[in-house]
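Novice: I'd like to ask some things about the structure below.
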Amino acid sequence: METTAEKKYTFKDFASNQEVRWCPGCDDYVVLRSMQKALPEMGVKKEDVVFISGIGCSSRFPYYMNTYGMHSIHGRAPGIASGVKLANPNLSVWVITGDGDAMAIGGNHFIHVLRRNIDLNIILFNNEIYGLTKGQFSPTSLVGQKTKSSPYGNTQPPFQPGELAIGAQARFFARIGGNNPKDMTKLFIEAEKFKGTSLIEVLQNCVIFNDGCFKNVTDKNVKADKQIYLEHGKPMIFGKENNKGLILNGLKLEVVTIGENGVTEKDILIHDAKEKDPTLHQMLVRLEYPVATGIIRSVDDVTLEERIDDLTAQVKANSNFRKTNDLFFAGETYEVK
Amino acid sequence: MIPPKINDQPEVLEAVVIRFVGDSGDGMQLTGTQFSDTSAMFGNDIATFPNYPSEIRAPQGSLYGVSGFQVHIGSIEISTPGDNVDLLVAMNPAGLKTNLKAVKPGHTIIVDTDAFTKKNLEKAQYESNPLEDNSLENYRVIEVAMTSLTKEALKGVNGLDNKTITRSKNMFALGMVYWMYDRSKQHTIDFFNKKFKSKPHIIEANTRVLNAGHNFANTLELIPNSYTISPAKMSPGTYRIIMGNTATAWGFLAAAEKSGLELFLGSYPITPATDILHELVKHKHFGVKAFQAEDEIAGIASSIGASFAGDLAITTTSGPGLALKGEALGLAMMVELPLVVVDVQRGGPSTGLPTKTEQSDLLQALYGRNGESPVIVLAASTPENCFDYAYMAAKLTIEHMTPVILLTDGYIANGSAPWKIKSVAEMPEIKNNKVTEVKDNWHPYDREEATLARNWPVPGTEGLEHRIGGLEKDRVTGNVSYVPENHEYMTHIRAEKIKRVQNYIPNIETEFAESGDLLVVGWGGTYGSLHSAVKQMNKEGNTKVGLAHFNYINPLPKNTEEVFNKFKKIIVCELNDGQFAKVLNINFNGFEFIQFNKIQGLPFGKQELIQKFNQLVK
């Protein structure tokens, strides 16, 4: 629906004049820069871009973008963004949210926006902690995690965002480490291209309250061995030596080494992000080793706007009502003389 | 028992009140609606009041499952559905038991004797059959075996099951009442033909039963105690019967057309507001975007988003929903975007009395948000003027760039009345503050001098990219600001903006007396009751009693204090525990605001008002 920009922008065009106030070393800077780099590549006009955020550290994001934006209230960004998009489907609408914002206070809106498949892009900054309120456990904090509100260890089992999202019928789900601007930029562009709700989970380190929460997965020296970067149509191979792969053993994914026990590359699963059946995608998002990144699911489907447009066109075609007077004076009226 | 009046002269009255009662599945709402529509087309003024339980199909025959529909028809101006009943049609013992108190002694009750079985009498907690124990001796009771007569009338009509046959007995009752009040059956027959177009046997069945009831009354020559023949004197024009909720929905349709904006409704179902959603979803042909959200909060949130994107955005709810929307409404006020919140009030607190009426959300509407967060508050006062106040709510929110809460209530929302149809052409202009071109030194919080309304830059407009949000804004740039003096300044600006709306709303005008002994003060949906009570007092010679009924609650009309000064006593009548009286006490010093409050889920009765007012003018 969006019209293409004739202008060629640079990342500077998307930076606002506001001083960025996140903690030094926060992954949020990486997301901001990746977004500012990705936008000029998307071919959308700057005035057609809208960022809607909720509450939390990451939700300051819109203030730093030189686009339209609203820093709204806790958990409600999906609702506001849905209204923006339904009012003007020509806009490129982005939701900026965190683990608490999306899955605790805004959990209801989060699942319903995914179910409806409005053409929005949602960036979920997951740092497994509440940052802005200074360090309480969140719905993605691990059991046993010691936080300000769980000094003896967290007793509430976490959500896996991808599992929740795909359970709520997310058509597009991607995951990326917060220290990987190169792939993050690519994923943002892919999310914008995708027609329907796209959800990107950023594994975002909080340097103050949950430092190192993803270091076993995202650190440069372990990344290749602990992550698998999935690409549609390519074999699920990872590892420093590119010799590890995933196979399906019964109803479970299993890590194997190519060249050992007679395993060859042919035995390795090929990633099909476009498969409608979510079973394998669910296994992939739940996988603890390796952690799946990249586009895990990308299934084309009709968007809510398309359904509404079709229905509206049908109703208009079958109705004689053009102006309110046609309605007000129709049916059972009577004259008083 | 007084025998039914037969072949005698009825008492000619200016107005009569008829109430149909039965099980919630008996079709009483339909019966009542048919009778009132027919009467309106005959030229009577009407007012109706449906009264139904919150259970969809409560156990048959139970006292709490009784559903009723009251209609007041007259050859004079009718402003309420009436207090006491001239004719009660009771389809079962439970309906009789729960409504008998309302019937004027000496007046008529029609009962379906077939429903007075041992089982039904037990369910209605009757120890003996009221038709046999003389307990109805002060009434004229017309006993009709309606169920058997309906079955008889339908012999030979193919394709009807037992349930359908029994359920059409309401048309027998309607046929009888049509005969008694000399009303044409044609409107109802036309209704059958339209509604059951594809089911000719249902059309035939209903028409037959309606005729059977009509003929039955004819044969018995039944006549009512009281009778009204002549049409009311109403100003010439094209009319239709409209329900309050429909009028509200149509007011927004008209405002969207007039303003040239697209209408967006984000809503979540809640009694008694849902009919507005039901109405607006139908109108995709006008480009209406109606979005049923996952909850009340998403309803208002989506509307705020649509407003940011340039639509005329509204959200509809009732008291509990307004509580849930409070935080988001504060955001709308803070970002200074247009938004109308309709609160169709019902009995509270908590879940309260969902299907009954009350005016107890006033203070919530005025103050129910965190921080200093004033909004415009309006209240419609009749089913038909819901149209005008919905329109005004839209006009004010667009022109003043601040949210408006429109209060209606279950009584006027579900009630219906004749509406002299208004065309969009005759409605006042609506200007919007949208900016389309970039000027030097432009800021999103630049304000119009007279109203203080900020401008409305809409996404998609080149050069006006900006960020808004719930954090406090710098008074000039609109950027986030924690400067102490700026916060105080902005707080005052937002309050002043609401206050200046006074310059754009009409003065309050008193009815019946401009000065005198007693000023009756009301607001919102109690207008009909207060108007008819004060009118009657004036007619009876109490010419020093006036009525000031408020539709503009925040801000109040400029001349309010001036009007209060012209009366010796002021009584504030509300269906709550005195909320408007509190507001008046805060705003106006030196007055004694006497209170008359009713919190029973029911509207005021004319007689109880007159009794109270008479005590004060003695």
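Novice: What's the exposure ranking of B:LEU406, B:LEU30, going from fewest to most Cβ atoms within 10 Å?
Specialist: Going from sparsest to densest Cβ surroundings: B:LEU30, B:LEU406.
Novice: Let me ask another. Run the reach check for B:LYS97 against aspartates and glutamates, Cα to Cα strictly under 12 Å, same-chain hits fewer than 8 apart removed. What comes back?
Specialist: Result set, ordered by chain and number: B:GLU122, B:GLU127.
Novice: Further question on the same structure: Looking at the range A:168-221, which GluC sites (Glu not before Pro) are in a loop (DSSP not H, G, I, E or B) and have at most 10 other Cβ atoms within 10 Å?
Specialist: none
Novice: Related question: What ³J(HN,Hα) values, in whole Hz, does the Karplus curve 6.51 cos²θ - 1.76 cosθ + 1.60 give for the range B:548-561 when θ = phi - 60°, with x put for Gly and Pro?
Specialist: 10, 10, 9, 10, 9, 9, 9, x, 6, x, 3, 8, 4, 5
Novice: Mind listing P(r) for the range B:433-591? All alpha-carbon pairs, 10 Å bins, whole percents.
Specialist: All Cα pairs, binned at 10 Å, distribute as 9, 28, 22, 17, 15, 7, 1 percent.
Novice: Still on this structure, please answer the following. Straight distance only, please: which lysines reach the Cα of B:LYS284 with their own Cα at less than 16 Å, same-chain residues fewer than 8 apart left out?
Specialist: Cross-link targets: A:LYS316, A:LYS323.
Novice: On a 0 to 90° scale, report how tilted helix A:304-318 is relative to the longest principal axis of chain A, with both axes built from alpha carbons and the result rounded to the nearest 10.
Specialist: Helix A:304-318 and the main axis of chain A meet at about 20 degrees.
Novice: Convex hull over the Cα atoms of chain B, averaged projected area in nm²?
Specialist: 29.9 nm²
Novice: Name the residue from B:THR147, B:THR108, B:TYR64 whose Cα lies farthest towards the positive end of the charge dipole of the range B:11-227, charges +1 on Cβ of Lys and Arg and -1 on Cβ of Asp and Glu.
Specialist: The Cα lying farthest towards the positive end belongs to B:THR147.
Novice: Could you tell me the center-to-center distance, by alpha carbons, between the range B:17-66 and the range B:268-286 in angstrom?
Specialist: Between the Cα centres of the range B:17-66 and the range B:268-286 lies a distance of 22 Å.
Novice: Still on this structure, please answer the following. Starting at the first residue of the range B:189-194, write each ³J(HN,Hα) from the Karplus equation 6.51 cos²θ - 1.76 cosθ + 1.60 with θ = phi - 60°, in whole Hz, x for Gly and Pro.
Specialist: 5, 4, 4, 4, 4, 7
Novice: While we're here: Nothing charged except the Cβ atoms of Lys and Arg (+1) and of Asp and Glu (-1): what's the magnitude of the dipole of chain A about its Cα centre? Round to the nearest 20 debye.
Specialist: Computed about the Cα centre, the dipole is about 620 debye.
Novice: When N counts the residues of the range A:63-125, how does its alpha-carbon radius of gyration compare numerically with 2.2 N^0.38 Å, as a ratio?
Specialist: 1.04
Novice: Just name one of B:ALA90, B:LEU337, A:LEU91: the one whose Cα is farthest towards the positive end of the charge dipole of the protein assembly as shown (beta-carbon charges, Lys/Arg +1, Asp/Glu -1).
Specialist: Projecting each Cα onto the dipole axis, the largest value belongs to A:LEU91.
Novice: Among the listed pairs B:LYS558/B:LYS598; B:LYS289/B:LYS606; B:LYS197/B:LYS282; B:LYS499/B:LYS569, which are separated by more than 31 Å between their Cα atoms?
Specialist: Those over the limit are B:LYS289/B:LYS606.
Novice: List the GluC sites (Glu not before Pro) within the range A:1-110 that DSSP assigns to loop and that have no more than 12 neighbouring Cβ atoms inside 10 Å.
Specialist: For GluC sites (Glu not before Pro) across the range A:1-110 that sit outside H, G, I, E and B with at most 12 neighbouring Cβ atoms in 10 Å, the list reads A:GLU6, A:GLU19.
Novice: Name the residue farthest towards the positive end of the dipole of chain B from the options B:VAL583, B:THR31, B:THR316, assuming +1 on Cβ of Lys and Arg, -1 on Cβ of Asp and Glu, about the Cα centre.
Specialist: Going by the Cα projections, it comes out as B:THR31.
Novice: Return one number: the angle in degrees, 0 to 90 and rounded to the nearest 10, between the long axis of the Cα atoms of helix B:527-539 and the longest principal axis of the Cα atoms of chain B.
Specialist: Its long axis makes an angle of about 70 degrees.
Novice: Just tell me the longest site-free run in chain B, where the sites are chymotrypsin sites (Phe, Trp or Tyr not before Pro) in a DSSP loop having at most 14 other beta-carbon atoms within 10 Å.
Specialist: That would be B:1-441.
Novice: Per the helix-only calculation at 222 nm, which mean residue ellipticity applies to chain A, given -39500 (n - 2.57) for every DSSP H run of n ≥ 4 and division by its residues, nearest 500 deg cm²/dmol?
Specialist: -8000 deg cm²/dmol
Novice: When only alpha-carbon atoms are used, what values of Rg and Dmax, in angstrom, describe the protein assembly as shown?
Specialist: Reported Rg and Dmax, both Å: 32.8, 109.
Novice: Taking the convex hull of the Cα atoms, report for the range B:11-227 its projected area averaged over all directions, in nm².
Specialist: Quarter of the Cα hull surface area: 11.5 nm².
Novice: Let me ask something additional. Sorted from fewest to most neighbouring beta carbons within 10 Å, what does the list B:SER515, B:SER381 look like?
Specialist: B:SER515, B:SER381
Novice: Please order B:THR355, A:THR279, B:THR108 by the number of other Cβ within 10 Å, starting at the fewest.
Specialist: So the ranking, lowest neighbour count to highest, is A:THR279, B:THR355, B:THR108.
Novice: Same structure again: Let me check the size of chain A from its C-alpha atoms; what are the radius of gyration and Dmax in Å?
Specialist: In order Rg, Dmax, the Cα atoms of chain A give 22.5, 97 Å.
Novice: Return the sequence-ordered ³J(HN,Hα) values of the range B:445-459 in whole Hz as given by the Karplus equation 6.51 cos²θ - 1.76 cosθ + 1.60 applied to θ = phi - 60°, using x for Gly and Pro.
Specialist: 9, 4, 10, 6, 5, 6, 9, 6, 5, 7, 7, 10, x, 10, x
Novice: Now for a different question. Using helices alone, I'd like the mean residue ellipticity at 222 nm for chain B: each DSSP H run of four-plus residues gives -39500 (n - 2.57), total over residue count, nearest 500.
Specialist: Estimated from H runs of four or more residues: -11000 deg cm²/dmol.
Novice: Output the 0 to 90 degree angle, nearest 10, between the alpha-carbon long axis of helix B:296-308 and the longest principal axis computed from the alpha carbons of chain B.
Specialist: So the helix axis and the longest Cα principal axis differ by about 50 degrees.
Novice: Rounded to the nearest Å, what's the spacing between the alpha carbon centres of the range B:558-609 and the range B:528-542? Just the number, please.
Specialist: 17 Å
Novice: Only four residue types carry charge here, +1 at the Cβ of Lys and Arg and -1 at the Cβ of Asp and Glu. Report the dipole size of the range B:11-227 about the Cα centre in Debye, rounded to the nearest 20.
Specialist: About 880 debye.
Novice: Would you pull out the residues with amide H under 5 Å of B:TYR139's amide H, same chain only if 5 or more places away, H placed 1.01 Å from N?
Specialist: Those lying under 5 Å, H to H, from B:TYR139 are B:ILE2, B:GLY106.
Novice: Taking the Cα centre of the protein assembly as shown as origin, sum charge times position over the Cβ atoms of Lys and Arg (+1) and Asp and Glu (-1), and report the length of that vector in debye to the nearest 20.
Specialist: The dipole magnitude comes to about 340 debye.
Novice: Name the long-range amide H neighbours of B:SER373: under 5 Å, sequence gap of 5 or more, or other chain; modelled H, no Pro or chain starts.
Specialist: So B:SER373 has HN proximity to no qualifying residue.
Novice: Amide H neighbours of B:GLN595 under 5 Å, at least 5 residues apart or on other chains, H built in the peptide plane: list them.
Specialist: Those lying under 5 Å, H to H, from B:GLN595 are B:VAL572.
Novice: Evaluate the relative contact order of chain B (contact order divided by residue number), counting alpha-carbon pairs under 8 angstrom at least 6 apart; express in whole percent.
Specialist: Once normalised by length, the contact order is 12 percent.
Novice: Can you list the lysines whose alpha carbon is less than 25 Å from that of B:LYS439, not counting same-chain residues fewer than 8 positions off?
Specialist: Filter leaves A:LYS7, A:LYS8, A:LYS12, A:LYS45, A:LYS46, B:LYS431, B:LYS473, B:LYS497.
Read-outs: derived from the displayed coordinates by stated rules, not from any lab. This one's a predicted model, so the numbers in the text were calculated from it and none came from an experiment. Cβ: placed from backbone, ideal geometry, glycine included. Neighbour counts: every protein chain shown.
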